[in-house]
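> Handing you this structure, nothing more for now.
The values are calculated or read from the model by the stated rules, or taken from the named source; none is laboratory data. Everything numeric in this text was worked out from a predicted model, so none of it was measured. In this analysis, Cβ positions are derived from the backbone assuming ideal geometry, glycine residues included, and neighbour counts consider all displayed protein chains.
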Amino acid sequence: MAVKSHRVFVIAVCLAAFCLSICAQTEKTVTVRMLDNRTGLLIASSNYLVRINHQQEDHGDWIVKNEDGSGNLTLPANAELVSIHATYEAATLIYVNCDADKDRGSAEHAPSQDRWYPVATILTSGVVAPNNCVGKKVPEKLQVIAKPGEFVFFVRPLSSREKLKE
């Protein structure tokens, strides 16, 4: 009887260890690069707002800034879609993401409308969000390629008029 209960205990411990290792492996890590819409230069921010799966809750602590100014985003296993914004001026203003900038003023798309990107695509091939803040002819310095596991997006600060509306 004691041998049987010992076996059950050992099996339970092994299963628990296996489940913990599976959970740790299912987290998804993405490199995030936020670029200035005019210069293409990396903007080093530590004030990101991350949302997943069309949920309303922002996660400001999921991105850890790297030495080069990019960030490492650790997503939970259930993350299928991601939307990222960033703040500036002591976190009181939110950068305008240029993937949605052409939608300003349309009834269908509010200026704060989130664009959602598939995490699986980011992990397998990388994603560069569109830079709609520039004209149709994108300068060469703004033509960026993302590596697998990398999400790149362009931003601009709010205009004076947009700041007044805030």
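> Does segment 15-28 contain any residue that is modelled with pLDDT of 90 or more and not aromatic (Phe, Trp, Tyr)?
Scanning segment 15-28, I find at least one residue that is modelled with pLDDT of 90 or more and not aromatic (Phe, Trp, Tyr), so the answer is yes.
> Conditions: (1) more than 26 Å from residue 56 (Cα to Cα); (2) aliphatic (A, V, I, L, M); (3) surrounded by 12 or more Cβ atoms within 10 Å (Cβ to Cβ). Residue 152 meets all but one. Number of the miss?
(1)
> Now, a different point. Could you list, ordered by first residue, the pairs with Cβ atoms under 7 Å in which the first is in segment 131-157 and at positive phi and the second is in a loop (DSSP other than H, G, I, E, B), at least 6 apart or interchain?
149/126
> May I pose another question? If I ask for residues that are assigned to a strand (DSSP E or B), over 12 Å from the mean Cα position of the chain (by Cα) and crowded, with 17+ Cβ neighbours inside 10 Å, which ones from segment 26-49 would you list?
Of everything in segment 26-49, those that are assigned to a strand (DSSP E or B), over 12 Å from the mean Cα position of the chain (by Cα) and crowded, with 17+ Cβ neighbours inside 10 Å turn out to be 35, 36.
> A follow-up question, please. Just wondering, is there one or more residues in segment 62-85 that are at pLDDT 90 or above and touching a His at 6+ places or on another chain (Cβ under 7 Å)?
Yes, that holds for at least one residue.
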